[in-house]
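Take a look at the structure set out below.
Every number in this text was worked out from the coordinates using simple rules, so none of it is lab data. Bear in mind that the values here come from a model prediction, so they are computed numbers and not experimental data. We place every Cβ from the backbone using ideal geometry, glycine too, and count neighbours over all the protein chains shown.
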Amino acid sequence: MSTEIDVIWDQLREVSGPYAIEAYQFVQDGLRVTADRVYHDLDSMVPSKGRHLTGQQLCIGLRDFSIEQFGLLARTVLNAWGIRRTEDFGRIVFTLVEVGLLSKTDEDSLDDFVNVFDFDEVFHQPLDGCLTPDVDG
C-alpha cells in the first residue's frame, strides 16, 4: 500500500531528468535550511507557508549548504548528481513544483536561477586535486 508521498516520489523519479534523486532531496533540505536562516528573526511573524525565497536566495543558500554538508567534496557530489551550474538548481526546483512537493509564485521563473554564481569560482578545487603543498628539492 503506497502513501501519497510514495506516489509523489515515484512520479519524481519518472521526471527526474539528468539529476540523481538525491539532488531533489538535497534541494528540499537546503531550501528548508535556507528559509530558516533567512526568516530566523521573523519566525514568530511569518507563517512557514509564507516563507518564500527568490531563486537567487535559494542558490546562495544551496551553495552554503553544500559546502557545509560536503566541504571540499561539494562540487564532486553536486557533479555526481548532475548539478553543474545554478540553472540546475532551478530545474530541480521547478520539477519539485511540477510534482507538487514545492509551490511557486506567478513571479517565479527559471531565469531567477541563471548565473547566480560561477561554480568554478565558488567550488574551486586544489590544482591537480592535490591537497599537499609543492615541495622543492
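Taking the beta-carbon count within 10 Å as an exposure proxy, list 66, 109, 103 from fewest neighbours to most.
On the way: 66 21, 109 13, 103 10.
Ascending number of Cβ neighbours within 10 Å: 103, 109, 66.
For region 56-61, what does the Karplus curve 6.51 cos²θ - 1.76 cosθ + 1.60, with θ = phi - 60°, yield as ³J(HN,Hα) per residue in whole Hz, taken in order and with x for Gly and Pro?
Karplus values, whole Hz, x for Gly and Pro: 5, 4, 5, 4, 5, x.
Points 7 angstrom from Cα along the Cβ direction at residue 79 and residue 29: gap in nanometres?
Result for the modelled spin labels: 2.1 nm.
Kindly rank 115-123, 52-60 from highest to lowest mean number of other beta carbons found within 10 Å of each residue.
Taking the mean over residues of other Cβ atoms within 10 Å, the ranking is 52-60, 115-123.
Classify region 54-124 as rounded, prolate or oblate from the Cα gyration tensor: take a ≥ b ≥ c as the square roots of its eigenvalues, call it rounded if a/c is under 1.5, otherwise prolate when a/b beats b/c and oblate if not.
Prolate shape, in that a/c is at least 1.5 and a/b is the bigger ratio.
Can you sort 67, 83 from fewest to most other Cβ atoms within 10 Å of each residue's own Cβ?
Working: 67 15, 83 24.
Exposure proxy ranking, most exposed first: 67, 83.
Label point 7 Å out from residue 22 along Cα-to-Cβ: which residues of region 97-126 have amide N under 14 Å?
Within reach of a label on residue 22, which here means backbone N under 14 Å from a point 7 Å along Cα→Cβ, region 97-126 contributes nothing.
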